[in-house]
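Here is the structure we will look at, set down as structure tokens.
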Amino acid sequence: MQILQVKQQLVLTSRLNDLGHLPLKALVTESGEVFVAMDPIGTKTGDWVFTIANSAARDAAGDKRLLTDLTVGGIIDDWQPEQK
Amino acid sequence: MQILQVKQQLVLTSRLNDLGHLPLKALVTESGEVFVAMDPIGTKTGDWVFTIANSAARDAAGDKRLLTDLTVGGIIDDWQPEQK
Amino acid sequence: MQILQVKQQLVLTSRLNDLGHLPLKALVTESGEVFVAMDPIGTKTGDWVFTIANSAARDAAGDKRLLTDLTVGGIIDDWQPEQK
Amino acid sequence: MQILQVKQQLVLTSRLNDLGHLPLKALVTESGEVFVAMDPIGTKTGDWVFTIANSAARDAAGDKRLLTDLTVGGIIDDWQPEQK
Amino acid sequence: MQILQVKQQLVLTSRLNDLGHLPLKALVTESGEVFVAMDPIGTKTGDWVFTIANSAARDAAGDKRLLTDLTVGGIIDDWQPEQK
């Protein structure tokens with residue numbers, strides 16, 4: 001799993017049907033890398049979260065038919081990013 | 001999932017049979033890394049999209065026998081890449 | 001598998017139910033990259049461990065329904081990180 | 001999937017039985033990273049190819065019992081690597 | 001698959017039961033990144049090997065219940081690392 005900060009919710013014009021109804025969020029690592037994850041938790045912009053990848057991501061989204069490789073698993077209460 | 005920009009459609013001289021009939025597109029991350037994805041959406045060059053990896057990529061392509069590890073999941077309406 | 005050093009236990013405010021009861025630890029690679037892993041071993045901060053990823057991570061956590069993509073597999077007795 | 005250039009065929013002294021009879025090729029990304037892939041296509045040194053990873057790689061090699069995580073999926077006709 | 005050089009065998013103080021009886025080796029890429037793999041081949045320090053990742057790694061270790069995401073697949077006879 002990785003630690004990322006929630007940046008924004010994505011607005012999609014065309015999308016596959018089996019993405020389900022969860023919001024897709026853009027998240028950023030401490031080093032600035034951007035990922036997209038399904039959010040079954042209801043996170044807010046700025047929250048530090050951890051994400052679950054690959055086959056566990058589909059179960060984490062609540063239905064293993066959902067088309068995701070990354071899902072938010074929880075909000076971290078006390079994360080202090082490294083000073084740089 | 002990751003956010004990439006569509007660059008071009010690939011033309012293949014030799015290819016495996018179980019790649020199916022979807023176009024293969026070269027896509028580029030904001031940092032310039034190149035990936036290849038199946039495109040069931042019908043994206044155009046310059047579109048910002050998100051991609052789905054690994055086992056979910058096969059379902060996203062519409063048939064889990066298809067030989068893909070990366071499939072376009074949707075077009076992002078409002079993505080602003082970082083200024084650098 | 002990768003070699004990481006245990007940094008701290010994570011405290012979560014919101015989390016998915018199927019994360020089970022194992023602690024989630026933040027771990028750091030020699031090059032400073034941070035990951036989160038389930039810890040069925042009972043590691044202490046500062047321990048050097050190796051981690052198991054993806055489908056084997058779920059079995060390593062003791063139940064393949066658990067939502068993890070990274071699990072601690074053991075404590076390394078004699079690891080000398082590179083001098084830099 | 002990724003785009004790589006074929007560098008050389010590997011000669012192995014000890015190897016597992018379930019690697020099958022396909023040649024193993026060393027391939028290089030545009031940024032110089034080296035990977036090894038099974039080659040069911042019959043590529044030549046210098047060809048630009050795309051590779052398929054993980055579970056789809058095993059099907060791409062022709063038999064899902066084969067021990068591979070990366071298989072050549074096709075030769076790209078018109079790939080122009082970035083000038084650097 | 002990736003090409004790595006065998007560095008040392010790991011000595012573990014605490015470990016999961018389903019790691020089986022194969023030695024765990026620390027291996028290094030040409031660029032200095034360290035990984036841990038199960039070794040069913042019997043490699044020696046300094047050997048250049050290729051490694052198999054994820055689900056195929058479990059079959060490569062000889063039993064798909066084994067907890068590994070990386071297994072040595074063979075020793076490369078003629079690998080010349082890049083001069084740097």
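The values are calculated or read from the model by the stated rules, or taken from the named source; none is laboratory data. Small disclaimer: the values here were computed from a predicted structure and weren't measured. With ideal geometry, Cβ positions are generated from the backbone for all residues, glycine too; neighbour counts draw on all protein chains shown. Protein only, heavy atoms only, side chains kept; ligands, DNA and RNA dropped before computing areas. Shrake-Rupley method; radii C 1.70, N 1.55, O 1.52, S 1.80 Å.
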* **Residue identified as β-branched (Val, Ile, Thr) and touching a Leu at 6+ places or on another chain (Cβ under 6 Å) among D:Ile41, D:Ile75, D:Ile52** => D:Ile52
* **Search result, residues across the range E:61-75 that are open to solvent by 10 Å² or more (accessible area, probe 1.4 Å) and in contact with a strand residue (DSSP E or B) (Cβ under 6 Å, 6 or more places away or on another chain)** => E:Ala61, E:Asp69, E:Leu70, E:Ile75
* **Hits in the range C:26-47 (condition: more than 15 Å from A:Glu82 (Cα to Cα), of a type in the set (Gly, Ala, Ser) and surrounded by 20 or more Cβ atoms within 10 Å (Cβ to Cβ))** => C:Ala37
* the range B:30-49, residues that are over 23 Å from D:Asp59 (Cα atoms) and either part of a loop (DSSP other than H, G, I, E, B) or within 12 Å of chain D (Cβ to nearest Cβ) (or both) -> B:Glu30, B:Ser31, B:Gly32, B:Glu33, B:Val34, B:Ile41, B:Gly42, B:Thr43, B:Lys44, B:Thr45, B:Gly46, B:Asp47
* the range D:12-41, residues that are free of Cβ contacts under 8 Å to residues at least 24 places away in the same chain and more than 10 Å from the chain's Cα centre (by Cα) -> D:Leu12, D:Thr13, D:Ser14, D:Arg15, D:Asn17, D:His21, D:Ser31, D:Gly32, D:Glu33
* Looking at the range A:1-19, which of its residues are within 10 Å of chain B (Cβ to nearest Cβ) and of a type in the set (Val, Ile, Thr)? -> A:Val11, A:Thr13
* Spot the failing condition for A:Ala26; the list is (1) in contact with a strand residue (DSSP E or B) (Cβ under 7 Å, 6 or more places away or on another chain); (2) within 13 Å of A:Asp69 (Cβ to Cβ); (3) small (Gly, Ala, Ser), and only one is missed. => (2)
* Structure fact -> Residues in the range D:50-81 that are assigned to a loop (DSSP other than H, G, I, E, B), among the aromatic types (Phe, Trp, Tyr) and under 12 Å from the mean Cα position of the chain (by Cα) total 0
* Structure fact -> When the range E:50-80 is checked residue by residue, the ones that are more than 9 Å from chain D (Cβ to nearest Cβ) and within 22 Å of D:Leu10 (Cα to Cα) are E:Ala61, E:Leu70, E:Gln80
* Here are D:Leu27, D:Leu22: which of them is assigned to a strand (DSSP E or B) and either modelled with pLDDT of 95 or more or within 10 Å of another protein chain (Cβ to nearest Cβ) (or both)? -> D:Leu27
